[in-house]
Amino acid sequence: MCGIVGYAGFRDCSEVLIHALTKLEYRGYDSAGIAVFDNGKIKVCKSQGKLEMLKAKMEREGRPQGHVGIGHTRWATHGEPSDVNSHPHSGAKVTIVHNGIIENYRELKEFLSSKQVKFVSETDTEVVAQLLNYYYDGNPLDTIIKTIGELEGSFALGIVFEDFPEQIYAVRRESPLIVGVGKGENYIASDVPAILKYTRDYYLLDHDEIAVLSSEGVTIYDEHKEVVTKQLMTADWDEDAAEKGGYEHFMIKEIHEQPNSINMTVKPRVEDGLPNLSECGITHENIKNFKNIFVVACGTAMHAGMVGKYVIENLARIPVTVDIASEFRYRNPIVGKGDLVIIISQSGETADSLAALRLAKSLGAKTLAIVNAKGSTIAREADMLIYTHAGPEIAVASTKAYIVQLAVMYLFGFELALAKGRITEEKCRELTSALLDTPELIESILKNDLEKSQYISTQLITADSLLYIGRGLDYALSMEGSLKLKEISYIHSESYAAGELKHGTISLIEPGMPVIAVATQPELLEKTVSNVVEVKSRGAMVVLITREDFKIDENAYDYRIDIPATDDTLMPMLAAIPMQLVAYYTSVLRGNDVDKPRNLAKSVTVE
Ligand code: M6R
């Protein structure tokens with residue numbers, strides 16, 4: 001939800017800011033802008049639309065020349081995407097970029113208006129710029145401390161003061177922000193990929209800490225103006241990991257990276273053939289007594305939780321409730337001591353998931369975070385933490401982050417089942433070994449099913465609406481298949497429990513309507529196929545994703561995508577792949593912006 005960057009150094013600042021914003025465009029792409037000290041004066045250039053529009057404007061109008069500045073790429077919250085609502089925003093002496101939401105901006109705006117301050121935009125950000133300007137007394141640090149004392153909500157701010165052309169200031173509360181450290185140059189950014197071209201070293205800023213950066217160094221203060229000593233972090237991946245590497249889109253590159261992501265995530269957590277999550281604070285002793293488990297997350301991460309529910313309940317026999325984070329936090333959940341709340345999040349910054357984590361802790365539950373982004377807020381606040389090692393996921397539509405969330409749910413489920421004595425060590429070894437084999441099987445699917453998926457996409461592109469159906473684990477997986485397709489192809493789609501269709505939804509079926517059915521579970525095969533036949537006989541065009549060894553009457557479907565067989569429990573790890581491919585190619589064929597679908601952003605740090 002918006003990306004902010006800042007630079008103080010010796011390079012051409014406009015170029016650095018634009019490059020850094022390119023790497024953050026996944027966070028929002030409604031508009032973009034920069035502010036650079038040009039001959040000692042702040043020069044702002046901003047534009048509605050994607051970064052390309054800003055670049056074109058800078059070509060036309062001349063770009064700011066200088067070595068210190070800030071930049072922004074926006075996902076609109078307050079005020080439509082327009083030039084005037086684009087960041088940076090300014091008061092007379094101060095210019096800022098902002099990621100987050102100022103909840104009390106109306107009150108603050110009223111207060112400032114009563115002091116004759118005039119506003120030009122509809123944004124909450126301009127209110128912060130004007131408040132900083134209002135309190136500005138020649139001392140930036142004091143001004144920032146006073147101003148943030150009055151702000152409610154979430155923010156990461158990059159700030160420049162007209163009187164201090166060598167410096168940028170940064171402060172955060174809730175919204176993520178890092179401070180990149182180079183030689184003779186320093187940076188701020190919402191996320192690590194923005195700075196990887198220049199440095200891999202960075203500090204994580206904590207809540208209400210203020211960073212002061214110049215080309216000469218970085219000083220970080222707490223809200224009492226005390227200097228804080230921070231641990232310097234080093235990114236464990238380089239710039240190439242966040243590049244397309246010859247692929248047309250990040251999404252297809254990330255689909256192909258899945259085998260490696262699983263290996264990175266699973267292998268280090270297996271010892272002597274069994275899961276070992278002790279480096280994550282998880283031992284048999286501290287997990288075996290939970291009464292209830294809640295999995296709380298949003299979007300794709302929540303769908304990974306749905307698969308996890310089937311796995312944990314089936315193997316460990318503990319009740320698992322899966323909640324959408326935005327519902328959990330307001331439904332007064334019956335959660336407390338003795339319960340485990342698992343928060344799954346790729347970014348580790350999703351506002352609702354973070355709020356759910358805090359709520360669970362306040363109610364006395366133990367919390368476990370499954371997170372991809374290192375050092376993110378959810379990762380830092382949970383009691384136990386399992387990192388997924390997907391590497392940077394840039395495409396807005398999640399693929400490799402999902403597959404490793406599944407992998408971790410499996411590892412955790414196996415370990416829990418063993419800890420509770422619900423499965424034998426031998427069975428646990430068998431399951432773990434099957435999990436370790438999934439990367440190879442996924443490689444074969446990527447090789448064998450690519451063209452078929454491409455062809456099936458040609459049959460979907462004109463559809464107005466389609467259904468995904470399945471039973472059990474296949475139903476849990478089809479939720480993700482449906483989300484993947486709709487978010488990037490813009491074709492309406494719904495996932496449905498196959499056995500539930502005839503209680504209403506089957507009336508939607510009309511000749512030619514695509515239905516994507518998933519049937520990977522031997523025990524449910526017959527029943528799912530009979531549901532498939534029900535829709536097929538009403539004219540649906542059926543695509544069946546199933547195991548290569550299943551014998552199914554050819555009249556039951558129009559197209560069949562075969563995947564290899566593994567342990568039944570693990571089939572979603574494989575069946576996910578053709579679903580991702582079909583969604584990807586359908587989006588490509590419809591001419592959509594696959595990596596940056598309309599209205600979306602990668603990291604949702606607002607409610
Ligand atoms: O960063 P998170 O995993 O917490 O994000 C959750 C959802 O916003 C995310 O999975 C979203 O649904 C993606 N667009 C799915 O592709």
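Tabulated values for the structure
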read-out: Complete set of residues in the stretch 56-107 that are hydrophobic (A, V, I, L, M, F, W, C), more than 27 Å from the chain's Cα centre (by Cα) and farther than 15 Å from Leu131 by Cβ; value: Ala56, Met58, Val68, Val84
read-out: Residue check for Glu279: closer than 21 Å to Ala401 by Cβ, assigned by TED's automatic domain parsing to the domain that holds Gly391, surrounded by fewer than 18 Cβ atoms within 10 Å (Cβ to Cβ) and free of Cβ contacts under 8 Å to residues at least 24 places away in the same chain; value: yes
read-out: Ala601 outside the structural domain of Gln405 (by TED's automatic domain parsing), under 25 Å from Tyr310 (Cβ atoms) and touching a Lys or Arg at 6+ places or on another chain (Cβ under 7 Å); value: no
read-out: Members of the stretch 25-38 found to be buried (at least 24 other Cβ atoms within 10 Å of the Cβ) and under 15 Å from Gly69 (Cβ atoms), listed by number; value: Ala32, Gly33, Ile34, Ala35, Val36, Phe37
read-out: Any pair with Cβ under 6 angstrom, 6 or more apart, that starts in the stretch 349-378 at a residue that is more than 9 Å from the ligand (Cβ to nearest atom) and ends at one that is outside any loop (DSSP other than H, G, I, E, B) and aromatic (Phe, Trp, Tyr); value: Ala356/Phe328
read-out: Scope the stretch 186-219; condition under 26 Å from the mean Cα position of the chain (by Cα), over 14 Å from Leu141 (Cβ atoms) and without any contact (Cβ under 8 Å) to a residue 60 or more places away in the chain; matching residues; value: Thr199, Arg200, Asp201, Tyr202, Tyr203, Leu205, Asp206, His207
read-out: Conditions (1) under 30 Å from Val606 (Cβ atoms); (2) open to solvent by 10 Å² or more (accessible area, probe 1.4 Å); number of the one not met by Asp272; value: (1)
read-out: Selection count, the stretch 150-185, where residues are in contact (Cβ under 8 Å) with a residue 24 or more places away in the chain and assigned to a loop (DSSP other than H, G, I, E, B); value: 16
read-out: Of the criteria (1) without any contact (Cβ under 8 Å) to a residue 40 or more places away in the chain; (2) within 16 Å of the ligand (Cβ to nearest atom), which one Gly305 fails; value: (1)
read-out: Some residue of the stretch 507-522 being open to solvent by 40 Å² or more (accessible area, probe 1.4 Å), in contact with a helix residue (DSSP H, G or I) (Cβ under 7 Å, 6 or more places away or on another chain) and over 23 Å from His492 (Cβ atoms); value: yes
read-out: Positions within the stretch 186-239 being in a strand (DSSP E or B), open to solvent by less than 70 Å² (accessible area, probe 1.4 Å) and hydroxyl-bearing (Ser, Thr, Tyr), in sequence order; value: Tyr187, Tyr202, Tyr203, Ser214, Thr219, Tyr221
read-out: Selection status of Ala476, surrounded by 22 or more Cβ atoms within 10 Å (Cβ to Cβ), farther than 20 Å from Arg590 by Cα and within 16 Å of the ligand (Cβ to nearest atom); value: yes
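The values are calculated or read from the model by the stated rules, or taken from the named source; none is laboratory data. These numbers were taken from a predicted model, which means no experiment stands behind them. Ideal geometry is used to build each Cβ from the backbone, glycine not excepted, and the neighbour counts take in all protein chains shown. We work out accessible area using only protein heavy atoms, side chains counted, and drop any ligands, DNA or RNA first. Shrake-Rupley method; radii C 1.70, N 1.55, O 1.52, S 1.80 Å.
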